[in-house]
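Trainee: Below you'll find the structure I mean.
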Amino acid sequence: MPNAPRLLALAGPTASGKTDAAMALAGAFPSEIVSVDSALVYRGMDIGTAKPTAAQRAAVPHHLIDIRDPSQPYSAAEFARDAARLVTEINARGRVALLVGGTMLYFKALFEGLDEMPAADAAVRAAIEDEARTQGWPAMHAELAKADPVTAARLAPNDSQRIQRALEVFRSTGKPLSEFHGASRTEGLKPLALLSLEPDGRAWLHERIAQRFDAMLAEGFLDEVRALRARGDLDPGLPSLRSVGYRQAWQAMDEGWGARELRDRGIFATRQLAKRQITWLRGMQRTVIACDRPGAVDRVLQAAKAALA
């Protein structure tokens, strides 16, 4: 296929069937999978992320899985750089790159490019975290409002992740984050097609989310979280542990929730995540495949083959 496009993307909300569809695609033509998932990058977080099985990863090369310790943040900018490099390498091997996942910010970063930002500074970030524990994030937001009123105006006082990053940039460079926006932008990488698995009705997806959460609990998800806590160097403010499921399990252990409360909160949070993912997708140019109708995987294959023809 010397003249065929070499990049396909498969997106969708959590529990929509992306993994099965991706494996079917990989079986239909020579390809490798690039994970587009902000939680799959972390080692030791397997059950709660529904990470592809060892057999699946042995059958098809997978990339950007288990590349970070949970203590090490991984940004959308890093993903965009890594994914662009991988697409080039996969194409050079004569294969199609399949970008598969549900982290829409990662898709956006790769497709549209990103403003060039300063690298993360772990020491500055840790100092901000320490201050926030004693002063609270609203106080940190007030500090940001003095240093970078433009950025502070668009952030909620408890948006810890974005407040932290904005303060980190200001303390590291002496310049507000807002000055970096639009100053220099990386070039986007366009896919041949973005195929999106989305349900016609929410009830089907909600049932799958509940089934998946129950399966995670049965497989030992709480033991996985206990092992992370036992390390002693992780805290719930880290991006890895803000992942849906992990955040609720960590809080359950801190506050003594019962099994029913954890299940209810975990399922609710996952539903909210799926809702946000679908909202993101509606703003993207895509080919929609109804994942709650019979034959969804066959329709994904047909759409992919048409795009590659």
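Trainee: Distance between Cα centroids, the range 98-164 to the range 191-237: provide it in whole Å.
Mentor: 24 Å
Trainee: What dipole magnitude, in Debye to the nearest 20, does the chain give about its Cα centre under +1 on Lys/Arg Cβ and -1 on Asp/Glu Cβ? Intermediate results must be reported in sequence, preceding the final value.
Mentor: Details: 40 positive and 37 negative charges, 160 e Å.
Approximately 760 debye in magnitude.
Trainee: What list of ³J(HN,Hα) values in whole Hz, one per residue of the range 228-241 in order, does the Karplus curve 6.51 cos²θ - 1.76 cosθ + 1.60 (θ = phi - 60°) give from phi, with Gly and Pro shown as x?
Mentor: 5, 5, 5, 4, x, 10, 10, 9, x, x, 5, x, 4, 8
Trainee: Right, next: Where a Cα-Cα gap under 17 Å defines reach, which lysines qualify for LYS175, not counting those fewer than 8 residues away within the same chain?
Mentor: Within the straight-line cut-off, LYS175 pairs with LYS146.
Trainee: What nm value, rounded to one decimal, do you get for the distance between ALA92 and ARG242 when each label is placed 7 Å out toward the C-beta?
Mentor: Rounded to a tenth, the inter-label distance reads 3.5 nm.
Trainee: Given axes a ≥ b ≥ c from the Cα gyration tensor, I'd like to know whether the range 122-179 is rounded (a/c under 1.5), prolate (a/b larger than b/c) or oblate.
Mentor: Details: a/c = 1.90, a/b = 1.12, b/c = 1.70.
In terms of gyration-tensor shape, oblate.
Trainee: How large is ³J(HN,Hα) for each residue in the range 16-28, as worked out from phi by the Karplus curve 6.51 cos²θ - 1.76 cosθ + 1.60 (θ = phi - 60°), to whole Hz, x for Gly and Pro?
Mentor: My calculation for the range 16-28 gives 8, x, 5, 5, 4, 5, 5, 5, 5, 4, 5, x, 8 Hz in order.
Trainee: Would you work out the Kirkwood radius for the chain? I mean one over the mean of 1/r across all pairs of different Cα atoms, in Å. It would help to have the intermediate numbers written out before the result.
Mentor: Working: mean 1/r = 0.0482 Å⁻¹.
After inverting the pairwise mean of 1/r, the radius is 20.7 Å.
Trainee: Taking the Cα centre of the range 122-179 as the origin, how large is its charge dipole in debye, to the nearest 20, when only Lys and Arg (+1) and Asp and Glu (-1) carry charge on their Cβ atoms?
Mentor: On the way: 8 positive and 8 negative charges, 21 e Å.
For this selection, approximately 100 debye.
Trainee: Once both labels are modelled 7 Å past Cα along the beta-carbon direction, what's the ALA55-ALA28 spacing in nm?
Mentor: Result: 2.2 nm between the two label points.
Trainee: Need the list of lysines near LYS275 for cross-linking: C-alpha distance under 20 angstrom, and skip anything on the same chain fewer than eight residues off.
Mentor: By straight Cα distance, LYS275 reaches LYS18, LYS108.
Trainee: Moving on to the next point. Ranked from highest to lowest mean number of other Cβ atoms within 10 Å per residue, what is the order of the peptides 195-204, 127-136? Don't jump to the answer; show the numbers that get you there.
Mentor: Values: 195-204: 18.0, 127-136: 14.1.
Packing proxy ranking, top to bottom: 195-204, 127-136.
Trainee: Based solely on C-alpha atoms, express the radius of gyration and the Dmax of the range 77-181 in angstrom.
Mentor: Rg, Dmax (Cα atoms, Å): 17.0, 54.
Laboratory data are not the source of any read-out in this text; all were calculated from the coordinates shown. Model, not experiment: these values are computed from the prediction. Heads up, the Cβs are rebuilt from the backbone with ideal geometry, glycines too, and the neighbour counts pull from every protein chain shown.
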